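> Before anything else, here's the structure in question.
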Amino acid sequence: MFYIVETKEQLDYLSSSKPEKCFVNVLSQNDNYHPALTKPCLVYYNTGDKGYILPINHSETFSLDWNDIKNFIASHDGVYVLDKKYHMYFLDHNNLYDLNFVKYIDESICDTKVHSDFYNKKYYIPDLNSLIPVCKHYEKWENIYKILEFGEVNEFLNNNYTKVFYQIEKNGIGIDPKKFSKHFEVNWKDYSIYGNTVYTQYNLYNLTTRPSNAFNGVNFAALPKDHARESFEPNNYVLVEFDYSAYHPRIIAKEIGHTFKGDPYDEVPKEIMFQNLYGGIRDEYKDIPFFQKLNGFLGDKYRTFAINGGLLLACDKIIHLDKNTHANRNKLLSYLIQSYETYYNVISLERVLKLLESKKSKIVLYTYDSILLDIDKSEIKKLLPLIKQELEADGFPTRMSVGENYGALIKK
């Protein structure tokens, strides 16, 4: 059969001999648009024997019904993709396995010259991929398929982690468009802004699993603490932020079996705490009980690393480092802190997201030790105590701030 499957009869024929597993990539109308703001153009499908293009909305082909394609893909027991979070905007997530957690692939390395030229000159066209010849899309994804690594995908990362950040990301954040355009220069407005909402994009493929969050020229993980934050406003009623108190010392204490009797900074002053956590434990502080236990913990981690060259993170992900250039205890501690921070956040966010099911209120931004929510007026009294309870269920206390915009938050 020819590689372009344009009719229902051809799709049915392909269905009749389908294996249990396949690789799929949904090409949107324009790669630069946030997936919440675009639609499918083509699907690349490969079972190992041959790749196919399933067209949905392309200028050169007839179109298959999108629902027929979705049902066809869903009928496989396992569907391998690059970037599950992206594909969750288009496909049922229950049978998706993200190969980027096995080996990360930068899709742009296989761009053809046609892709590069079109995206350099015609980047603003919403349905740009429908103008790029089908044969060029096919060429690109055939080349990507050749370099994929099929292996066991980390269950926590593929399911819990990915689902949490998809659920937050798809909500977007409310903005005042005039204020936003005054403080932020985006690459192209339509990529990420629709009406009074801007969409963020979490990158889940960092070494320590701590996600970054930058899209369309804006770094949402490091927004300036000035008037720029006034650009972000609720689409419901009010913005509420919960941030963890002394989060990193408490995370470390949990892992090393140390119990703070009260505030960690009463036991170890904040300046000393951070100097020794991120600059190495100094001799004059090594007899403090917290640092004694931490020193022993790091010694065990380093010895294990020195033997096998791998560091086990919180979610059972092993990262391999060059002992000659990266092997120092401070670096390992930094990686572990980021890993455990992300792990505990995902666990607590799962509980909060379950609480918010069927609610108007929603999480709109995650920034490592805090979350920002857009709360509906009718839900504020009953919901906020429950959210705080779920966030603190693992023993990490939070502080709450409320405001009419992100720059006017006041601690309560």
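No lab work stands behind these numbers, since they all come straight from the coordinates. Just so it is clear, the structure is predicted and the values come from calculations on it, not from any experiment. Ideal geometry is used to build each Cβ from the backbone, glycine not excepted, and the neighbour counts take in all protein chains shown.
> Treat the count of other C-beta atoms within 10 Å as a stand-in for reagent exposure and order V81, V26, V186 from fewest to most. Don't skip to the answer; put the middle values down first.
On the way: V81 22, V26 25, V186 16.
Ordered from fewest to most neighbouring Cβ atoms within 10 Å, V81, V26, V186 come out as V186, V81, V26.
> Viscosity 0.890 mPa s, temperature 25 °C: give me the Stokes-Einstein translational D for the chain in µm²/s, with Rh taken as the Kirkwood radius over C-alpha pairs.
Details: Rh = 23.7 Å.
Rounded to a whole number, D works out at 103 µm²/s.
> Using amide H atoms built 1.01 Å from N in the peptide plane, name the residues 5+ places from A214, or on other chains, whose amide H lies under 5 Å from its own.
Q201, N203, F220
> Given the rule -39500 (n - 2.57) for each run of at least 4 DSSP H residues, summed and divided by the residues of the chain, what is its mean residue ellipticity at 222 nm, to the nearest 500 deg cm²/dmol?
Rounded to the nearest 500, the figure is -10500 deg cm²/dmol.
> Now a separate question. Dipole magnitude of the chain about its Cα centre, charges +1 at Lys/Arg Cβ and -1 at Asp/Glu Cβ only, in debye to the nearest 20?
That gives a dipole near 820 debye.
> Extent of the range 262-343 along each principal axis, from alpha carbon coordinates, in Å, largest to smallest?
37, 28, 18
> Where does helix 247-256 land angle-wise versus the long Cα axis of the chain, in degrees 0 to 90, nearest 10?
80 degrees
> Given axes a ≥ b ≥ c from the Cα gyration tensor, I'd like to know whether the range 203-260 is rounded (a/c under 1.5), prolate (a/b larger than b/c) or oblate.
Oblate, because a/c is 1.5 or more while a/b does not exceed b/c.
> Please grab the % of Cα pairs in the range 16-168 that end up more than 17 Å from each other.
Cα-Cα pairs of the range 16-168 separated by over 17 Å account for 62 percent.
> Also: Using mean Cβ contacts within 10 Å as the protection proxy, how do 307-314, 132-139 order, highest first?
So the order, starting with the most tightly packed, is 132-139, 307-314.
> Then there's this: Over the range 245-393, what is the relative contact order in percent, taking alpha-carbon pairs closer than 8 angstrom and at least six residues apart?
17 percent
> Separate question: List the GluC sites (Glu not before Pro) in the range 180-257 that DSSP assigns to loop (not H, G, I, E or B) and whose Cβ has at most 15 other Cβ atoms within 10 Å. Which are they? Before the final figure, lay out each step's value.
Numbers: sites: E185, E230, E241, E255; in loops: E185.
The qualifying sites are E185.
> Separate question: Can you pick out the pairs among K85/K377; K261/K377; K50/K121; K382/K412; K136/K163; K178/K382 whose Cα atoms lie more than 27 Å from each other?
Violating the 27 Å Cα-Cα cut-off are K85/K377; K261/K377; K50/K121; K136/K163; K178/K382.
> Using DSSP to define loop residues, name the trypsin sites (Lys or Arg not before Pro) in the range 47-118 whose beta-carbon has at most 15 other beta-carbon atoms within 10 Å. Walk me through the intermediate numbers first.
Numbers: sites: K50, K70, K84, K85, K103, K113; in loops: K50, K103.
Answer in residue order: K50, K103.
> Continuing with this model, one more query. Which far-off residues, 5 or more places away or on another chain, put their amide H under 5 Å from the one on K39, with H placed in the peptide plane?
Q29, N30
> Given springs between every Cα pair under 10 Å in a Gaussian network model of the chain, which of S16, S181, S192 has the largest fluctuation?
S16
> Which residue, Q201, Q338, Q275, tops the fluctuation ranking in a GNM of the chain built on C-alpha contacts under 10 Å?
Q275
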